[in-house]
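No value in this document is a laboratory result; all are computed from the given coordinates. This structure is a prediction, so every number in the text was calculated from the model and none was measured. Every residue, glycine among them, receives a Cβ derived from its backbone with ideal geometry; neighbour counts consider all protein chains shown.
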Amino acid sequence: MDAVQDRTFEPKIVGFLCNWCTYAGADLAGVSRLQYPANVRVIRVMCSAAVDPVFVMKALLGGADGVFVGGCHLGDCHYTRGNYFTRRRVAMVKKLLEVIGLEPERLELEWISASEGARFAEAMRDFTQKIKALGPNPVKERKVS
Amino acid sequence: MTEFVPTICPYCGAGCGVLLLVKDGKVTTTTPWAEHPVGEGRLCMKGWYAHEFIYSPDRLTKPLLKVGDSFQETSWENALKVIAEKLSEAKAKDGPDSLAFLSSAKCTNEENYLLQKFVREVIGTNNIDHCARLCHASTVTGLGTAFGSGAMTNDIADIPQSDCVFVIGSDTMSQHPLAARRIILAKEMGAKLIVADPRRVQTARFADLHLKLRPGTNVALLNGIMKSILDHGWENKAFIEERTEGFAELKAVLDTVSLDEAEKITGVPKADIEKAAELYATSKASCIIYAMGITQHTTGTNNVLSIANLAMLTGNIGRPGTGVNPLRGQNNVQGSCDMGALPDLLPGYQRVTDEAKRKKVAEAWGLPDLPTQPGLTLIEIMEAIHAGKVKTMFIMGENPVVSDPDITHVEEALNKLDFLVVQDMFLTETARLADVVLPAASWAEKEGTFTGTGRRVQVLRQAIAPLGESKPDWQIIGELARAMNAEKGFIFASPKEIFEELRKVTPQYAGMDYARLSQPQGLQWPCPAEDHPGTPILHTKQFTRGKGKFHAIPYQAPAESPDAQFPLILTTGRVMTQWHTRSMTGRSPSLNAEFPEGFVEINPQDAKKFKINDKGLVEVSSRRGKIKTRARVTDKVVPGVVYIPMHYVEAAANRLTNSRFDPQAKIPELKVTAVAIKPA
Amino acid sequence: MTKCNEIVQDIVRSMLRAKLVDEVVAFGRGINESDIVPLFITDEKDAEKIVTISYYPCSLAKLVALYGDRNKKIGLVLRPCDARSLVELAKRQQVNLANIYSIGIECYGVVRAGSNSHQVYIFPDTVQMDGETKPLAEDVLAPNCRRCEYMVPTMTDVAVRLLPDGGCLVDANTEKGQAVLEAASIAVTDMPALDLTALKERAARWKEKDFGELKKMAAKDRLHYWLAQWEKCIKCYGCRNACPICYCKECYLEPEKQIVKNEALPPEALFHVGRLLHVGDSCTDCGQCEAACPMGIPVSKLYHMLYEELSPLFDYESGFDLATLPPVSTISDKDLTKTGVTLD
């Protein structure tokens, strides 16, 4: 139950990374041989604004322990203002999570550019640590088949 | 011009009210009817999309005549002429009993009434039956003998008043969702819920107690429960004394029952049987809700009698929140039974063998007498065709090639016929075998009355004109009768006129007329007089037959038991968005998409044993046939049992099922078949 | 209460007669007095069927969006929440507000579908049932109505107020409204301002009750509360079909989208959450979803709860100003000045 103590808990994290910035940042982290936890499963999207909130919720209700959304820094969006929309959507989903009783911290948004390989690795370490501290997604306690 | 037409949903027996939005002569959508007492402004998915098949491109719009191997369009005049000639010829050559008719629980009371009148008067036989044979025939016989009235004793709206709801053999949430609404309401108001079902049906999720009995062991379970009630002295002695008879006989059988034995037969732990007995017997008002899981057995009538025993033993009858409540399947299966579309019963459940009653009906029809011998039931008709006794058949709105047990046998039978007429909206699997196919109008295109479960008679209103040259079934029967020179007695300008006649011969309907029925709540039979308010609860002061009759029912095993060759029990049922043979839902895109194909549910233990993978193709076989379908490995079913929905012709459960039937009700054992399974 | 009925009927007749509109959509008598059904009225003599009782079985705004003719001028007699839905639909290009003449009736709550709705009129603190005036027992109101604080139809062209003595006040909010009242020869009177303090207090009290007990729960308990509610779902799509804001022709809850798995009962939780994501920011708390739910899932409670969270976050009030777009389909100038990953 106490996941903080549960050293064996390896969270499953879904990462939606924007093609132009964060995905390239992840790539750089890899090429640079930077170490970060293997908990994140990366899905490349053309823009963080292409992450329909329903994908986030599909992941979380399907049992993912955390969802990470990475986009370009504000002002750098390849499509001019996509990430501003992303920010609003993430804010909405966080409220929704709170309302239905899931921890809003399970969803994280970061702006990481193509040159920030080290920041990407760090963000993954931090987020994984945060989710480990939160423990497994409580949705999994209730099996609906 | 846009308007809402209030009418009745064409699917299940709950009989919810719907509003059809008609815009410029076309049905646009279905919405709930807020004032209707059953739906109360809510619908299930089937209800919300009940309009979708109306404009299906598959609708038949012209009569079809089989020429060689294919159909040719023909005129109504010609089609009726051919049918009239063939029917008259057959009657003259081989006698009226060489003809058989299937009526339909999807048709209105007026249509069922008219067809049985046609069969009895113009043809002169009692060979008329319909799909009630496959669903609640055992209820009609069972509750008829125990209480004197073979129908739901209380009403759906009455369920929330219950303190303990005992659901046995019914997947209520999928099949009668608006009845399930009341069960959930009752539960949330504090009632206890017991579900007895071999599968973890959705209702079971909310159950305080889920009894996972082996298919076909209902009597053993119910006897166990009654035994436990007697052991603890929970029976209602005053009720037994004052209102019933035959208790000593029942007790004699129960004395031989042991709970250990019941546990062994049913697979339900003894403690759970006792718990169920306590919950049911000690609650203030307990009701029983049941469906096909009880009736579709070779012991169907006995199952129903046992349920009646249990209710009477505890005095749970005749009060709000109690009762024995069969949930009728088709929207008008109650009505088609009421109307006497049955081989042994005239309208109003008057036996054809009861001379006084028969003569009274005959007199009302201006005839000296009617056929006196009970006719053949559905399954017997198929046998009689094989035996060469029945050679001509007329099927109104049914699809036995998918719905009946052992359909290979049924197909062979229908192919053997000299002449077959099918009257339907679509060219169904059965219609393809016909010599003449008559295009029928849909539910939105005709007027009439439907009688839902709960005995609620209500008016179906016409929203649009019949498509193409299709006609309402009542018109077709009338025209056919006239083509066979039966002028008198078959000239009706509207269903209302038919109703005026039928209520004269159907005692339960005597006090009803269209004006009264047109109210949103309709009327619940019996309604014997025009100032009678209808009867929401039966048997309040005394049973219809006087005293309630206990029956001594010992447990009997199903006709087929698993063996080395066929080691599993197949049980069949339905899914939420499909309806029977899918002639309607399969043509409703929204409904079909929810459950587009068949499957077989199998427990993980069995899957491992027979090397079945989830979603893998499998072959399921029985003594009668085999089908290919997809496996779903799930603990929803108990080990030793597999489940197949009956809808899908390409993986038809009824290729496998057994046509062995209950000796009294003649209902086939669709719920227990020994099968084998292997990867395909 | 016939007088107010008469006035509304008069307005409708006049609108048709003056050819201000081609058709009026309103609730009226069906089979009997308590059978209230939507009517599409083109002939002024049918206006006599219109009723103004406190019952509102479906969203007329949605009916017009789905089945109304866009090129026709349509009159609508509706309640404030539905009038707000109409504005939201207009923002989503589903109705052409320029062609709509809306008559709003002040509303202090509707009675739940399924209860006896025969001639019920609800006022701020009394209720009239079949001619008898009684103090208002709040539990006769639909749950969403108890939380409502928008009783006055400020967003409609004409506003009508029913009075407990059977009288009726009428005002025009817009030029279109003035034209309507002119056609009906009704003098525009400024309505006396209402003291809404007690009603706002009622809304706050019920919000505190409905949301408070959920908010007080531990997060995990709240999650299991909702998961348990959703397990009752029979996937009838009633909430979606009844919701005035759910307008998509291609709905991603449907099986062919394969976002929510088919062939399963109950549907996965995403069935509910997916719709919540789509309309939560714009919910007008009209309660149609909950009234349509056969299984008694407190749907409107969930949507309203999220809306109450999102409204201050995005500074967005749904259903009033046509110019402000739904918050997640737009960004504001203020957004551009903020850095970071949150809106704070």
Query raised in the report: If Lys and Arg each add +1 and Asp and Glu each add -1, what is the summed charge of the other residues whose beta carbon sits under 10 Å from the beta carbon of residue C:209?
Result: +1
Requested in this report: Once you've got the Cα coordinates, tell me which of C:45/C:235; A:130/C:334; A:58/C:249; B:117/B:471 are over 29 Å apart.
Outcome: C:45/C:235; A:130/C:334
Query raised in the report: What list of ³J(HN,Hα) couplings, whole Hz, do you get for the range A:79-88 from phi and the Karplus terms 6.51, -1.76, 1.60, once you set θ to phi - 60° and write x for glycine and proline?
Result: 10, 6, 10, x, 5, 5, 5, 3, 4, 5
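Å³ per residue of the Cα convex hull, for chain B?
Numbers: hull volume 96.9 nm³, N = 680.
Enclosed volume per residue, from the Cα hull, is 143 Å³.
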**Report entry** Degrees between helix B:76-94 axis and first principal axis of chain B (Cα, 0 to 90, nearest 10)
**Finding:** 70 degrees
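What is the average number of partner chain Cβ atoms found within 10 Å of a Cβ in C:287-294? All intermediate terms of the calculation are to be shown ahead of the outcome.
Numbers: counts 0, 1, 0, 0, 5, 7, 2, 18.
Mean inter-chain Cβ contacts per residue within 10 Å come to 4.
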Report summary line: Hydrodynamic radius by Kirkwood for the range B:568-679, inverse mean 1/r across distinct Cα pairs, in Å, is 14.3 Å
Query raised in the report: Cα axis of helix B:495-505 to longest principal axis of chain B: angle in degrees, 0 to 90, nearest 10?
Result: 60 degrees
Query raised in the report: Highest GNM mean-square fluctuation, chain C, Cα pairs closer than 10 Å: which of C:142, C:228, C:159?
Result: C:228
**Report entry** Bridge type composition, the protein assembly as shown - antiparallel percent by DSSP, nearest 5
**Finding:** 50 percent
Requested in this report: Specify which residue in the list B:22, B:48, B:7 is farthest towards the positive end of the charge dipole of the range B:2-48, using unit charges on the beta carbon of Lys, Arg (+1) and Asp, Glu (-1), about the Cα centre.
Outcome: B:48
Query raised in the report: Fully extended, how many nm does the chain gain between residue C:169 and residue C:18 (0.36 nm per residue separation, minus their Cα-Cα distance)?
Result: 52.2 nm
Query raised in the report: What number comes out for the charge environment of residue B:302, summing +1 per Lys or Arg and -1 per Asp or Glu over other residues with Cβ under 13 Å away?
Result: -2
Query - the range B:214-273, dipole about Cα centre (Lys/Arg Cβ +1, Asp/Glu Cβ -1), debye to the nearest 20 - result: 200 debye
Query - the range A:1-143 - charge dipole about Cα centre, Lys and Arg +1 at Cβ, Asp and Glu -1, debye rounded to 20 - result: 340 debye
Query raised in the report: Cross-link partners among aspartates and glutamates for residue C:176, C-alpha distance below 14 Å, same-chain residues fewer than 8 apart left out?
Result: C:157
Query raised in the report: Tell me, what ³J(HN,Hα) does each residue in the range B:545-562 have, in order and in whole Hz, if you take phi through Karplus 6.51 cos²θ - 1.76 cosθ + 1.60 with θ = phi - 60° and put x for Gly and Pro?
Result: 8, x, 9, x, 10, 6, 10, 7, 10, x, 5, 10, 6, x, 4, 10, 10, x
Requested in this report: List the residues whose amide H sits under 5 Å from the amide H of residue B:346, counting only those 5 or more places along or on another chain, with H placed 1.01 Å from N in the peptide plane.
Outcome: B:351, B:352
**Report entry** Lys/Arg +1, Asp/Glu -1 at C-beta; chain B dipole; positive extreme among B:297, B:584, B:508
**Finding:** B:297
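Given 37 °C and 0.692 mPa s, how large is the Stokes-Einstein diffusion coefficient of the protein assembly as shown in µm²/s, with Rh as the Kirkwood radius over Cα pairs?
Calculated translational D: 102 µm²/s.
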Report task. Report, in degrees rounded to the nearest 10, the 0 to 90 angle that the Cα long axis of helix B:473-483 makes with the longest principal axis of chain B. Result -> 50 degrees
Query raised in the report: Under the definition of partner shielding as Cβ atoms of other protein chains within 10 Å of a residue Cβ, what is the mean value for peptide B:170-176?
Result: 2
Report task. Could you pull out every residue, at least 5 positions away or on a different chain, whose amide H is within less than 5 Å of the one on residue B:376? Hs are placed 1.01 Å off N in the peptide plane, and Pro or chain starts have none. Result -> B:127, B:128
Report summary line: In a Gaussian network model of chain C with springs linking alpha carbons closer than 10 Å, the residue among C:163, C:276, C:313 that fluctuates most is C:313
Query raised in the report: Considering only DSSP beta bridges with both partners in chain B, what is the antiparallel share in %, to the nearest 5?
Result: 50 percent
Query raised in the report: How big is the Rg/Rh ratio for the range B:2-48, C-alpha atoms only, Rh by Kirkwood, two decimals?
Result: 0.97
Query raised in the report: By the gyration tensor of its Cα atoms, with a ≥ b ≥ c the square roots of the eigenvalues, what is the shape of chain A: rounded for a/c under 1.5, prolate for a/b over b/c, or oblate?
Result: oblate
Query - For the range C:116-136 and the range B:365-419, distance of Cα centres in Å - result: 59 Å
Report task. Compute the relative contact order of chain B as a whole-number percentage, counting only Cα pairs closer than 8 Å that sit 6 or more residues apart in sequence. Result -> 20 percent
Requested in this report: Treating only the Cβ atoms of Lys and Arg (+1) and Asp and Glu (-1) as charged, compute the dipole magnitude of the protein assembly as shown about its Cα centre; round to the nearest 20 debye.
Outcome: 2140 debye
Requested in this report: State which entries of A:94/B:615; B:62/C:62; A:94/C:215; B:46/B:416; B:192/B:666; B:391/B:628 exceed 26 angstrom in Cα-Cα distance in the structure shown.
Outcome: A:94/B:615; B:62/C:62; B:46/B:416; B:192/B:666; B:391/B:628
**Report entry** Using θ = phi - 60° and Karplus 6.51 cos²θ - 1.76 cosθ + 1.60, couplings along the range B:393-410 (whole Hz; Gly, Pro as x)
**Finding:** 9, 10, 10, 9, x, 10, 9, x, 5, 10, 8, 8, x, 6, 6, 4, 4, 5
**Report entry** Shielding by partners, peptide B:26-33 (average Cβ within 10 angstrom, other chains)
**Finding:** 4
